[in-house]
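Student: Right, I'll just put the structure down here and ask away after.
The values are calculated or read from the model by the stated rules, or taken from the named source; none is laboratory data. Everything numeric here is computed off the predicted structure, so don't read it as measured data. Glycine gets a Cβ as well: all are built from the backbone with ideal geometry, and neighbour counts include every protein chain shown.
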Amino acid sequence: MTEVHSDNVPAQETAIFAGGCFWCTEAVFQAVRGVISVEPGYTGGTVPNPTYNQVCTGETGHVEAVRIVFDPAQVKYRQLLEVFFVIHDPTQRNRQGNDIGPQYRSAIFWFDERQEFHCSRIIEELRRIQAFLAPIVTEVKPAQVFYPAENYHRNYFLRNPAMSYCQRIVAPKLVKLRQTFAALCAPPA
(Lines give C-alpha, C1' and ligand atoms only; values in the text may rest on other atoms or scores of the structure.)
Protein backbone atom coordinates (compact mmCIF):
# COMPACT_ATOMS: atom_id res chain seq x y z
CA MET A 1 0.00 0.00 0.00
CA THR A 2 1.32 3.45 -0.92
CA GLU A 3 1.72 5.89 1.94
CA VAL A 4 -0.24 9.07 1.21
CA HIS A 5 -0.17 12.55 2.77
CA SER A 6 -3.42 13.79 4.30
CA ASP A 7 -4.29 15.79 1.14
CA ASN A 8 -4.10 12.63 -1.03
CA VAL A 9 -0.66 13.53 -2.37
CA PRO A 10 1.64 10.48 -2.53
CA ALA A 11 4.31 10.50 0.19
CA GLN A 12 6.96 10.01 -2.46
CA GLU A 13 7.40 10.01 -6.20
CA THR A 14 10.26 9.08 -8.54
CA ALA A 15 11.89 10.99 -11.41
CA ILE A 16 14.75 10.01 -13.73
CA PHE A 17 16.82 12.73 -15.39
CA ALA A 18 19.97 12.58 -17.51
CA GLY A 19 21.84 15.85 -17.88
CA GLY A 20 25.45 14.92 -18.54
CA CYS A 21 27.77 13.47 -15.92
CA PHE A 22 25.73 12.01 -13.09
CA TRP A 23 28.16 13.40 -10.49
CA CYS A 24 26.86 16.88 -11.36
CA THR A 25 23.20 15.97 -11.54
CA GLU A 26 23.36 14.00 -8.30
CA ALA A 27 24.97 16.88 -6.39
CA VAL A 28 22.43 19.41 -7.63
CA PHE A 29 19.35 17.38 -6.78
CA GLN A 30 20.77 16.37 -3.38
CA ALA A 31 20.63 20.10 -2.54
CA VAL A 32 16.92 20.44 -3.37
CA ARG A 33 14.40 20.60 -0.53
CA GLY A 34 12.01 17.65 -0.52
CA VAL A 35 14.39 15.30 -2.31
CA ILE A 36 14.60 12.09 -0.30
CA SER A 37 17.32 10.34 -2.29
CA VAL A 38 19.35 10.67 -5.48
CA GLU A 39 20.96 7.61 -7.02
CA PRO A 40 23.33 7.72 -10.00
CA GLY A 41 22.98 4.99 -12.58
CA TYR A 42 22.39 3.98 -16.17
CA THR A 43 19.21 3.72 -18.22
CA GLY A 44 17.96 3.80 -21.78
CA GLY A 45 20.27 1.16 -23.20
CA THR A 46 20.24 -2.41 -24.41
CA VAL A 47 22.86 -4.20 -22.30
CA PRO A 48 21.61 -5.68 -19.01
CA ASN A 49 23.55 -4.66 -15.88
CA PRO A 50 26.03 -2.39 -17.66
CA THR A 51 29.24 -1.28 -16.00
CA TYR A 52 30.65 2.23 -16.08
CA ASN A 53 33.38 1.08 -18.48
CA GLN A 54 30.79 -0.40 -20.86
CA VAL A 55 28.60 2.71 -20.76
CA CYS A 56 31.65 4.94 -21.38
CA THR A 57 32.20 3.27 -24.76
CA GLY A 58 28.94 4.87 -25.92
CA GLU A 59 27.95 1.55 -27.48
CA THR A 60 25.41 0.25 -24.92
CA GLY A 61 22.82 2.96 -25.58
CA HIS A 62 22.71 3.86 -21.88
CA VAL A 63 22.86 7.36 -20.51
CA GLU A 64 24.31 8.45 -17.18
CA ALA A 65 21.23 9.40 -15.17
CA VAL A 66 19.95 9.97 -11.66
CA ARG A 67 16.91 8.40 -10.05
CA ILE A 68 15.36 10.93 -7.70
CA VAL A 69 12.89 10.00 -4.98
CA PHE A 70 11.10 13.09 -3.69
CA ASP A 71 8.24 14.25 -1.50
CA PRO A 72 5.70 15.97 -3.79
CA ALA A 73 4.24 17.83 -0.80
CA GLN A 74 7.59 19.68 -0.55
CA VAL A 75 8.74 19.92 -4.16
CA LYS A 76 6.69 19.37 -7.30
CA TYR A 77 7.79 17.37 -10.33
CA ARG A 78 7.44 20.55 -12.41
CA GLN A 79 9.90 22.32 -10.09
CA LEU A 80 12.41 19.50 -10.51
CA LEU A 81 12.06 19.88 -14.28
CA GLU A 82 12.73 23.61 -13.98
CA VAL A 83 15.93 22.87 -12.03
CA PHE A 84 16.92 20.25 -14.61
CA PHE A 85 16.63 22.68 -17.51
CA VAL A 86 18.65 25.37 -15.71
CA ILE A 87 21.58 23.26 -14.51
CA HIS A 88 22.54 21.67 -17.82
CA ASP A 89 22.50 22.60 -21.50
CA PRO A 90 19.54 20.81 -23.15
CA THR A 91 20.68 22.01 -26.59
CA GLN A 92 23.85 19.91 -26.75
CA ARG A 93 23.36 16.59 -28.49
CA ASN A 94 25.33 13.71 -26.99
CA ARG A 95 27.45 15.89 -24.73
CA GLN A 96 27.64 18.30 -21.85
CA GLY A 97 30.66 20.57 -22.09
CA ASN A 98 33.80 18.44 -22.32
CA ASP A 99 31.89 15.23 -21.55
CA ILE A 100 31.24 13.86 -25.03
CA GLY A 101 29.30 10.79 -26.14
CA PRO A 102 25.73 9.48 -26.20
CA GLN A 103 26.05 8.49 -22.54
CA TYR A 104 25.97 12.24 -21.70
CA ARG A 105 22.85 13.12 -23.71
CA SER A 106 20.00 15.11 -22.20
CA ALA A 107 17.00 12.90 -21.40
CA ILE A 108 13.96 12.63 -19.16
CA PHE A 109 12.38 9.27 -18.41
CA TRP A 110 8.77 9.66 -17.25
CA PHE A 111 6.75 7.26 -15.11
CA ASP A 112 3.16 8.26 -15.89
CA GLU A 113 1.04 10.45 -18.16
CA ARG A 114 1.18 13.35 -15.73
CA GLN A 115 4.98 13.39 -15.80
CA GLU A 116 4.96 13.04 -19.58
CA PHE A 117 2.56 16.00 -19.80
CA HIS A 118 4.81 18.19 -17.62
CA CYS A 119 7.87 17.25 -19.71
CA SER A 120 6.17 18.14 -22.98
CA ARG A 121 4.68 21.30 -21.50
CA ILE A 122 7.94 22.72 -20.13
CA ILE A 123 9.84 22.00 -23.35
CA GLU A 124 7.06 23.67 -25.34
CA GLU A 125 7.17 26.72 -23.03
CA LEU A 126 10.97 26.99 -23.22
CA ARG A 127 10.84 26.80 -27.02
CA ARG A 128 8.08 29.39 -27.21
CA ILE A 129 9.97 31.94 -25.12
CA GLN A 130 13.23 31.04 -26.86
CA ALA A 131 14.97 30.35 -23.55
CA PHE A 132 17.94 28.87 -25.41
CA LEU A 133 19.84 30.03 -28.49
CA ALA A 134 19.67 26.57 -30.08
CA PRO A 135 16.89 23.95 -30.28
CA ILE A 136 16.24 21.75 -27.23
CA VAL A 137 17.34 18.17 -27.98
CA THR A 138 16.30 16.57 -24.68
CA GLU A 139 14.83 13.11 -25.23
CA VAL A 140 11.54 12.43 -23.43
CA LYS A 141 10.83 8.70 -23.05
CA PRO A 142 8.97 6.29 -20.79
CA ALA A 143 11.05 5.09 -17.84
CA GLN A 144 13.14 2.05 -18.58
CA VAL A 145 15.14 -0.28 -16.38
CA PHE A 146 17.45 1.76 -14.16
CA TYR A 147 20.75 0.15 -13.19
CA PRO A 148 22.42 1.71 -10.12
CA ALA A 149 25.98 2.86 -10.72
CA GLU A 150 28.95 1.38 -8.92
CA ASN A 151 29.36 2.48 -5.28
CA TYR A 152 32.31 4.80 -5.99
CA HIS A 153 29.99 7.05 -8.05
CA ARG A 154 27.52 7.58 -5.20
CA ASN A 155 27.71 10.85 -3.29
CA TYR A 156 30.70 11.68 -5.45
CA PHE A 157 30.72 15.44 -4.93
CA LEU A 158 29.99 15.12 -1.20
CA ARG A 159 33.01 12.80 -0.85
CA ASN A 160 35.32 14.67 -3.28
CA PRO A 161 34.51 18.40 -3.14
CA ALA A 162 38.16 19.44 -3.59
CA MET A 163 38.71 17.31 -6.72
CA SER A 164 39.47 19.47 -9.77
CA TYR A 165 36.45 18.24 -11.79
CA CYS A 166 34.15 18.87 -8.84
CA GLN A 167 35.52 22.39 -8.34
CA ARG A 168 35.41 23.35 -12.04
CA ILE A 169 32.18 21.62 -13.14
CA VAL A 170 30.00 20.54 -10.21
CA ALA A 171 30.46 23.46 -7.78
CA PRO A 172 29.35 26.12 -10.31
CA LYS A 173 26.14 24.16 -10.94
CA LEU A 174 25.41 24.26 -7.21
CA VAL A 175 26.05 28.02 -7.16
CA LYS A 176 23.67 28.43 -10.10
CA LEU A 177 21.05 26.30 -8.32
CA ARG A 178 21.26 28.43 -5.16
CA GLN A 179 21.15 31.69 -7.12
CA THR A 180 18.25 30.67 -9.33
CA PHE A 181 16.20 28.52 -6.96
CA ALA A 182 17.04 29.75 -3.44
CA ALA A 183 13.56 28.87 -2.16
CA LEU A 184 13.96 25.26 -3.34
CA CYS A 185 17.32 24.68 -1.73
CA ALA A 186 17.58 22.48 1.33
CA PRO A 187 19.51 23.97 4.23
CA PRO A 188 23.19 22.92 4.13
CA ALA A 189 23.90 19.73 6.08
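Student: Taking the stretch 92-131 as the region of interest, how many residues are more than 11 Å from Gly19 (Cα to Cα) and polar (S, T, N, Q)?
Tutor: The qualifying residues number 4.
Student: Which one of the conditions (1) modelled with pLDDT under 95; (2) within 27 Å of Ala162 (Cα to Cα) does His5 fail to meet, given that it meets all the rest?
Tutor: For His5, the failing item is (2).
Student: Residue check, Phe146 against (1) within 16 Å of Val28 (Cβ to Cβ); (2) under 15 Å from the mean Cα position of the chain (by Cα), all met but one. Which one?
Tutor: (1)
Student: While we're here: Would a scan of the stretch 48-59 turn up a residue that is at pLDDT below 95 and in contact with a helix residue (DSSP H, G or I) (Cβ under 7 Å, 6 or more places away or on another chain)?
Tutor: Yes, that holds for at least one residue.
Student: Among the residues of the stretch 69-80, is any touching a residue at least 12 places away in the same chain (Cβ under 8 Å) and on the phi > 0 side of the Ramachandran plot? Before the answer, list the steps.
Tutor: At the first step, the residues of the stretch 69-80 found to be touching a residue at least 12 places away in the same chain (Cβ under 8 Å) are 69-75, 77-80.
So of that shortlist, the ones also on the phi > 0 side of the Ramachandran plot come out as none.
No: the stretch 69-80 contains no residue that is touching a residue at least 12 places away in the same chain (Cβ under 8 Å) and on the phi > 0 side of the Ramachandran plot.
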